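To start, the structure under review is shown below, and the notes come after it.
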Amino acid sequence: MRWMLDALTRLPLSVLYAIGGAVRFAAFHVVRWRRGVALANIAAAFPARSAAEHCAILRASYRNLGDVLAETVWAYGAGAAQLSGRVAIEGGDLIVDAVARGQSPLLLAGHFCNWEWLLLAAGATLKVPIDAVYKPPRQRVFDDFLRDGRSRFGGTPVAYKSFVVEMMRRRGEPRCYAMVADQTPIAQDDKYWTSFMGRDTAFYVGADTIARMLKSPVMFVGMRRIARGRYRVAITRIASPPYAKAGAHDIVEAYVRLLESEIRESPADWLWIHRKWKYPKPMYA
């Protein structure tokens, strides 16, 4: 299996797009993989839009997802210059300057556009160490493939269960910490409830906790699809130390508002297939 995955990374992007298109066609039209979940999410998030508009967003989101799959595999075999030429980063000096001052910025992104290229492009372009939280897949071969691919340009994928330990171990080393922060907490975890896309939504509170613990500046990583296989990334500072009391969730709230704005601007670029709304908000939360 691993040799086959490695072989795919050597194919031209045009060929991988064709493969991604075939996978998208099978997932959308044949298997109908998570179509019901995605369409229900879109309809609930955009109640004022027509059923035809909902379906158009659905189809475009699956098409984009097929492209993300192809681009991810390609990036695991591409050179740094090739990748940097496809991802323009604006505001990267905010990250570089913070690390130079001995700070460890916390970068918050979402499952938007090609989130898989963010760690690679930042490592290739900014030349700063970045530890990125991720949830390992169950199959060891896929986990090894993802870790090797994501770490090609200096990034370090860190399993979420080990993240706090690794963060404390490297506390004295200025570096970036990156999180794709729109995952849903499991029901028994601490969480922050807010309105997101018109729905009561739970978010992890880790971003607030980490920022206060490390006295880190927090930056939102926005992404725009300029053309097929080409993106623009904009880094925006959303919070800076010194911070007020622990237990506040203003950092997460600022992140949510920026992410929501991105999604409303380009709905088909968000990952609608994931189960963001897994459970209702408790009455007294």
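The values are calculated or read from the model by the stated rules, or taken from the named source; none is laboratory data. Being a predicted model, the structure only gives us computed values, none of them experimental. FYI the Cβ positions are ideal-geometry reconstructions off the backbone, even for glycines, and counts take in every protein chain you see. These accessible areas exclude ligands, DNA and RNA; they are computed on the full protein's heavy atoms, side chains included. Shrake-Rupley method; radii C 1.70, N 1.55, O 1.52, S 1.80 Å.
A few points about this structure:
- Residues satisfying the stated conditions in segment 62-106, i.e. touching a strand residue (DSSP E or B) at 6+ places or on another chain (Cβ under 7 Å), crowded, with 22+ Cβ neighbours inside 10 Å and closer than 30 Å to Val15 by Cα: Val87
- A single entry from Gly206, Gly222, Gly247 fulfils the requirement of being under 21 Å from Tyr160 (Cβ atoms) and either open to solvent by 20 Å² or more (accessible area, probe 1.4 Å) or small (Gly, Ala, Ser) (or both): Gly206.
- Considering (1) in contact with a helix residue (DSSP H, G or I) (Cβ under 8 Å, 6 or more places away or on another chain); (2) in a loop (DSSP other than H, G, I, E, B), the lone condition that Glu71 does not fulfil carries the number (2).
- The condition of being hydrophobic (A, V, I, L, M, F, W, C) and surrounded by 14 or more Cβ atoms within 10 Å (Cβ to Cβ) holds for Ala27.
- Applying a threshold of 6 Å to beta carbon distances and a minimum spacing of six or more residues, or different chains, the list of pairs starting in segment 266-282 at a residue that is open to solvent by 40 Å² or more (accessible area, probe 1.4 Å) and ending at one that is aliphatic (A, V, I, L, M) and assigned to a loop (DSSP other than H, G, I, E, B) reads Tyr279/Ala187.
- For the condition of a type in the set (A, V, I, L, M), within 26 Å of Thr184 (Cα to Cα), free of Cβ contacts under 8 Å to residues at least 60 places away in the same chain and open to solvent by less than 50 Å² (accessible area, probe 1.4 Å), Ala109 does not qualify.
- Of all residues in segment 171-208, those that are out of contact with any Phe, Trp or Tyr (no Cβ under 9 Å at 6 or more places or on another chain), among the polar types (S, T, N, Q) and in a loop (DSSP other than H, G, I, E, B) total 1.
- Scanning segment 151-162 for residues that are farther than 19 Å from His274 by Cβ and in a helix (DSSP H, G or I), we see that the one that is most open to solvent (accessible area, probe 1.4 Å) is Lys161.
- Answer residue from segment 163-181, given it is among the basic types (Lys, Arg) and surrounded by 14 or more Cβ atoms within 10 Å (Cβ to Cβ) and is nearest to Val252 (Cα to Cα) among those: Arg175
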